[in-house]
Amino acid sequence: MRVYLIQHGKAKSKEEDPERGLSEEGLHETRRTAEAFGRMDPEVYVVWHSGKLRARQTAEIVAEALGIPKRIMEHSNLAPMDDVRIVAKELEGSGHNIAITGHLPFLSKLAGILLTGRDGPEPVQFRNSGIVCLELGEKGWNLPWAVTPDFFQT
């Protein structure tokens, strides 16, 4: 089972857009990363998002690129400061590949708790529109790969 942690794309400033939707650069980078991700055929069952506009927009772009545009779900425990242990427990019982589009520090703390069992030092560096792949194997969680939009230059 794999979990793909995706930090939302770059957002507009609060002054420009109080809802903080994706900026043009954020849209472009997210599309570029999502298209490359889709070509990997990761067999994602569902894309969870926090409900914030920038995370939902990122989820929509990712789901479209994966060919699962109707399998997007707002998840109530993905806000930036939510307790990652709730989601970690849910993931371990899922059995499906799941993509999560969300925010920092939540995503980095979730990666930390899955990889090390602690929410202490965060072992993974995130970037807007980047993807961190975590895999649950016989010996626990590991990190097979991580990628940023810069990797997919166009």
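Every number in this text was worked out from the coordinates using simple rules, so none of it is lab data. Treat the numbers as computed from the prediction; the structure is a model and nothing was measured. Every residue, glycine among them, receives a Cβ derived from its backbone with ideal geometry; neighbour counts consider all protein chains shown.
To the nearest µm²/s, what D does Stokes-Einstein give for region 2-152 at 10 °C and 1.306 mPa s, using the Kirkwood radius over alpha carbon pairs as Rh?
In µm²/s, the coefficient is 105.
For helix 53-66, report the angle its Cα long axis makes with the longest principal axis of the Cα atoms of the chain; keep it between 0 and 90° and round to the nearest 10°.
Between helix and principal axis, roughly 80 degrees.
DSSP loop (so not H, G, I, E, B), at most 16 other Cβ within 10 Å: list which trypsin sites (Lys or Arg not before Pro) in region 66-154 pass both filters.
Lys70, Arg71, Arg118, Lys139
Between Lys139 and Arg2, what length comes free when the chain is fully extended (0.36 nm per residue of separation minus the Cα-Cα distance, one decimal in nm)?
Here the segment from Lys139 to Arg2 would lengthen by 47.9 nm.
Put a dot 7 Å past each Cα toward the Cβ at Arg118 and His28; how far apart are the dots in nm?
It works out to 4.1 nm between the two label points.
Rank the residues His28, His103, His8, His96 as a footprinting-exposure proxy: fewest other Cβ atoms within 10 Å of their Cβ go first.
His96, His28, His103, His8
Show that you can apply the helix-only estimate: for the chain, add -39,500 (n - 2.57) for every DSSP H stretch of four or more residues, divide by all residues, and state [θ] at 222 nm to the nearest 500.
Only helices count here, giving -10000 deg cm²/dmol.
Using the number of other C-beta atoms within 10 angstrom as an exposure proxy, rank Glu64, Glu90 with the fewest first.
Glu90, Glu64
What ranking of Trp48, Trp141 emerges when the number of other C-beta atoms within 10 Å of each C-beta is taken as an exposure proxy, fewest first?
Listed from fewest to most nearby Cβ atoms, that is Trp141, Trp48.
How large is the charge dipole for region 24-110, taken about the Cα centre, if only the Cβ atoms of Lys, Arg (+1) and Asp, Glu (-1) carry charge, to the nearest 20 debye? Don't jump to the answer; show the numbers that get you there.
Working: 11 positive and 13 negative charges, 22 e Å.
I would put it at about 100 debye.
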